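Nothing in this text is a laboratory measurement; each read-out follows from the coordinates by a stated rule. Owing to the predicted nature of the structure, the values given are computational and were not obtained by experimental measurement. Every residue, glycine among them, receives a Cβ derived from its backbone with ideal geometry; neighbour counts consider all protein chains shown.
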Amino acid sequence: MDIIITICSGFLLLVGSFLCISGGIGLLRFPDFYTRMHAVGVTDTLGAGMILVGLMMLSTDFLVFAKLVMVLLFTLLIGPTTSHVLAKAAFHNGVRPKDSNNLEQSKEKENTSSIL
Amino acid sequence: MIAHLPILQVIIPLLAAPICLLLNRSKLVWLFSLLASGLAFSISILLLQQVMTSGVISYELGGWQAPWGIEYRIDNLNAFLLLIISGISTVVLFAAQTSIEKEIPKDKHVYFYVLYLLSLTGMLGIVATGDAFNVFVFLEISSLSAYALIAMGNKRQALWASYQYLIMGTIGATFILIGIGLMYQMTGTLNMEDLSQRLPEVAQTRTVFVSFVFVIVGVCLKLAMFPLHLWLPNAYAYAPSIVTAFFAATATKVAVYLLIRFTFSVFGLSFSFTTIPLQTLFMALGLFGIFVASTTAIYQSNVKHLFAYSSIAQIGYMIVGFSLSTVTGLTATLLHMFNHALMKGAIFLALAAVVYRVGNVELKNFRGLGRQMPLTMAAIVIGGLSLIGVPLTVGFVSKWYLLTALVEQGWWPIAVLILLGSMLAVVYVWRVIEVAYFKEPLEQNVEVKEAPMSFLIPIWTLVIANIYFGIDTRLSVQVAEAAAQSLFGVSP
Amino acid sequence: MLIGLFNDWIVVVLMMIGLYIVIAHGNLIKKLIGLTIFQTSVFIFYISMAKIDGGTAPILADGITQYSNPLPHVLILTAIVVGIATTALGLSLVVRIKESYNSIEEEEIQQQDNDEQLSTNKAEENA
Amino acid sequence: MIDIVLLSLLVVIAIAIIRMKDLFAVVMLTGIYGLLSASFFVAMDAVDVAFTEAAVGAGISTLLMLVVITMTGRKEKSTRHKPLSALFVVMLTGGLLIYGTLDMPYFGSADAPIHKHTSPRYINDSMEEIGIPNIVTSVLASYRAFDTFGEVVVIFTAGIGVLTLLCVARSQKNDEEIDSINDSMHQQHLVIRIVAKMLIPFIFLFALYVQFHGDFGPGGGFQAGVIFASAIILYAMLFGLSTARKVINQTFVQVIAALGVLLYGSVGIVSLMNGGNFLDYNVLSSNPIAGQHLGILLIEWGVGCTVASVMVVIFFNFAGRRAFQQHKKQAQDKESSAC
């Protein structure tokens, strides 16, 4: 029985860490603000979620398990909210998503954007 | 209750501070802090008597034995310092209410007294404790309240001076923390007494050498010794005058005490003066400090700056006495701590009275003050004479012991240099006297009256003490000698 | 030799970076950040002193024999609080300096002070 | 192995902080620096310290620096202040420290002097003498209780210092003006206010859990105080400073800060009255172990009160100063446009 558990948790941990790495790479390679934020959003919710579930399966006693469940609930609640607020603040300060037709117009707008 | 005196010394001003915050009425808070400081002063007198009769008092906090719990060790050196600090603070507090009336906005008076009591607690805590890390904690309490108090000055330069003092003070405190960490790593204990027993066996390692260097540099930063003194003149000149009067007389003495405590009690005399040429280094820095600081003092147009630079010169005298590493040399340093506190306390309180009446302490505003504020100017004159070291004043006693210590070692040239230093002091004191007595007052200063009674009483108590201890030196010399001998392990 | 002391050397490098920022950078907030880095590296030095290979956190549990040393942890709890207290006071000073000097660069503030000093001396000469 | 990775990451961030000019990015890096050093402390088995460093180093100090940056601007001038002499001083102290590390006991070696002198007693006897599993809390609160008392006074001093520098005589905004600000902010931050409403009770609950769980696991007065204050600060940021001031008025918070210090001091005074030394908990009740538990509980409560109220006071004064500056700027714009 515990072999299955270790395999599942190992698999989940691997997938979770892969998602985190992909988020990091996405942060570096994507062209403009909103796509980069999408990539980071992935690591926040899914990557961390997968790792937490993997850890839950490995946890020995109930207290550790309960704490991990609460951590998962909080990250799932807070992750999307922060991405939302980040996007709203960026939009409020004039950062427009870059699409093919107004390529140059958004370039100069992007460097004037200030989050505050 | 007698057995609990060491802890009550620190706890009474400490608990008085939050109570003052709760009282929240400026007049009531002033009386309450005066009571707390007076109580601390009387406890320090009792402690001094107890130590002089029955030797070292050890008080274990929390009931745990020494290296595991924190221990308060009161010997002659601590008791002497506790007496100076709480005495000066009581006298200075007496004039505080009228002085801050003109310099600090009304709604901040309560916060001023809370911070004043906290800095008093910090200094008493540093001096009384026998645990190395506890020194760092109470050092931070006194420094943080000092930064906030200095920043309450009404001119904008006070903020910049307080910021520079914060940066230099925090670097100094962190150096002391690194030194304590290295000491702890090699011996495994934090109690100073335990450290002095366990350090000799690891004394040859490089780590203990580096920890000694870091502690000494950190303390010298706090001490405003010559190369590291840049923060002191602005901090003392732009702070509210009551704060300057309190810190000029006590803050540097606490740092000198730390220097003496770490070199003599913790690292031991033989280690401190052999591994580094501490003697020649400190002698040179002390003398250099005396001359550079006195010459800059001569060219100052602001009288507070003038006497701040003279404080740095006086610290130079203490460092020279300390670097002799003989019993009389150390006695001279301890005596000069006591005398310097009396001198500078009187002078800066008199300047506070001048600020109260005239508004600022530029030299041009001092014209004709000799006739308009006779008692205050007389106090400044006597304080100045005491700085120079004229006989019948307290300054003469400490200069005399310093010269005898130097002559004992046979260093004639340095004794001559010390006398030259005092000549420089004559120049800058004469500049103030000449303007005050032989110049006509400016037109806007004509109707300046004498300082109110609440200034004159503390100023003149310090001036009379200045003269009394200049003549009857039994108390100060006896205590200083006993402290020096106990540090050298010579049983009195 | 190298592995044994590698931790301490990295801590020394961090200390020196913090000290360099405090001394070389003119911006007042950057100085405070340099101070925080300098203090945090001292904490890391204390804590890496307390670690024992194979020891666990100093919380008594049956079946564990080797614990790391609890005393440096207590000292560092105090030092962290001292660090945040100094940072908070420094930041409030920076706000007040910005209001009265309208700048938080060390050179500009020093310049304004020197100009003010020169003007008072000049006023004194012709008075 | 992991600690070497974390340390080298810290060095990379410190070097990035030197090179960065944009203060906003530098403050973010300081936050990351605090979090990484907290995770380093976890790797070093210092769980209590990691908790405090994360809450204070990554949380409160970054927050305060951000508030200050909104007032003082983001750009840093690039001129370096005589870098060569700075480099020389730094190299000198660095060389001295490296020279000092040569004789240090190796990292992680069990026979270092610190593991043999005072700490064996803490580890072996603390269960019989004090009876709580978390040795750090027992040393913090009982063996070296006076250090913690000094520390509570340090935090209290910082709070009073910030108060003296930044406190502003508040212009009494009337109620409907506060409600109008509240509504205007409402539709702008709708989503995060709802989520915050859901989260704040849990943050308070977690703070109280950390406060009373200090004896058995990582936690204690400091961490609980900071978490408690962060919940109040979150409320103040989202629902406007004036509404937050109405909910938690200033004098009440200052009184709590003073009462926390007095509570800690009075535990010491009571043990003095009962005949023990200052802060000696054995005399607090008939059975020494029960006395220790009672003493530690009370002083942790005092520490929690003071830290929470001082952090709230510090944030409210910084934010109040910012509102004061904007208010002054509007007044200047109004009169400059008027005349």
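General remarks:
- Taken along the Cα-to-beta-carbon direction at a fixed 7 Å, the label points for A:HIS38 and B:LYS364 span 7.2 nm.
- Listed residue (B:SER323, B:TRP412, B:GLY359) projecting farthest to the positive dipole end of the stretch B:277-492, Cβ model: B:GLY359
- Centre separation in Å (Cα based) which lies between the stretch B:380-446 and the stretch B:1-75: 36
- Ranked D:TYR209, D:TYR235, C:TYR20, B:TYR147, criterion: other C-beta atoms within 10 Å, fewest first: D:TYR209, D:TYR235, C:TYR20, B:TYR147
- Phi angles across the stretch B:14-26 convert, under the Karplus curve 6.51 cos²θ - 1.76 cosθ + 1.60 with θ = phi - 60°, into 3J(HN,Hα) values of 5, 6, 5, 5, x, 5, 4, 5, 6, 5, 6, 10, 4 Hz, Gly and Pro given as x.
- Out-of-range pairs (alpha-carbon distance over 30 Å; input B:LYS27/B:LYS439; B:LYS27/B:LYS155; B:LYS253/C:LYS122; B:LYS304/B:LYS439; A:LYS88/D:LYS328; B:LYS106/B:LYS449): B:LYS27/B:LYS439; B:LYS253/C:LYS122
- Evaluated with a Cβ-only charge set (Lys, Arg +1; Asp, Glu -1), the stretch B:277-492 carries a dipole of roughly 220 debye about its Cα centre, given to the nearest 20.
- Global geometry of chain D, whether rounded, prolate or oblate, following the gyration tensor of its Cα atoms and the 1.5 cut on a/c: oblate
- With a Förster radius of 56 Å applied to the C-beta separation of B:THR205 and B:GLU443, the computed FRET efficiency comes to 0.20.
- Note, ³J(HN,Hα) from phi for the stretch D:155-163, Karplus 6.51, -1.76, 1.60, rounded to Hz, x at Gly and Pro: 4, 4, 4, 4, x, 5, x, 5, 4
- From its DSSP helices (H runs of at least four residues, each -39,500 (n - 2.57)), chain D gives a residue-normalised ellipticity at 222 nm of -25000 deg cm²/dmol.
- Long-range amide H partners of D:SER285 with built H, under 5 Å: D:GLY291
- Only helices enter this figure: runs of n ≥ 4 DSSP H residues, each worth -39500 (n - 2.57), summed and divided by the residues of chain B, yield -26000 deg cm²/dmol at 222 nm to the nearest 500.
- The charge dipole of the protein assembly as shown, taken about the Cα centre with unit charges on the Cβ atoms of Lys, Arg (+1) and Asp, Glu (-1), comes to about 2280 debye, rounded to the nearest 20.
- Proximal aspartates and glutamates to D:LYS329, defined as alpha-carbon separation beneath 13 angstrom and excluding residues fewer than eight positions away on the same chain: C:GLU99
- Across the options B:SER301, B:PRO13, B:ALA132, the greatest Cα extent toward the positive end of the charge dipole of chain B (unit charges at beta carbon of Lys, Arg, Asp, Glu) belongs to B:SER301.
- Exposure rule at most 16 other beta-carbon atoms within 10 Å, DSSP loop trypsin sites (Lys or Arg not before Pro): chain B longest free segment: B:156-438
- Placing dummy labels 7 Å off each Cα toward the beta-carbon, the span from B:HIS4 to B:SER301 is 5.7 nm.
- Cα gyration tensor shape of the stretch D:1-75, rounded if a/c is under 1.5, else prolate or oblate by comparing a/b with b/c: oblate
- Long-range amide H partners of D:PHE278 with built H, under 5 Å: B:GLY62
- Near B:THR129, no amide H atom lies under 5 Å from its own; only residues 5 or more places off or on other chains count, and H is placed 1.01 Å from N.
- If only the Cβ of Lys and Arg carry +1 and only the Cβ of Asp and Glu carry -1, the dipole of chain B around its Cα centre is close to 1000 debye.
- Sorted by Cβ neighbour density within 10 Å, fewest at the top, the residues A:SER83, B:SER54, D:SER109: B:SER54, D:SER109, A:SER83
- Farthest positive-ward along the stretch B:141-274 dipole, Cα basis, beta-carbon charges - from B:MET192, B:THR250, B:GLY181: B:THR250
- Across the stretch A:82-98, coupling constants 3J(HN,Hα) worked out from phi with the 6.51/-1.76/1.60 Karplus curve, θ = phi - 60°, read 5, 4, 4, 5, 4, 5, 4, 5, 4, 4, 4, 9, x, 7, 9, x, 8 Hz, and Gly and Pro carry x.
- Exposure proxy ranking, count of Cβ atoms within 10 Å, fewest first, for D:ILE60, C:ILE84: D:ILE60, C:ILE84
- Most mobile listed residue (D:GLN188, D:GLN325, D:GLN250) in chain D, GNM with C-alpha springs under 10 Å: D:GLN188
- Virtual spin-label span in nm between A:ILE5 and C:ALA61, 7 Å along Cα→Cβ: 1.6
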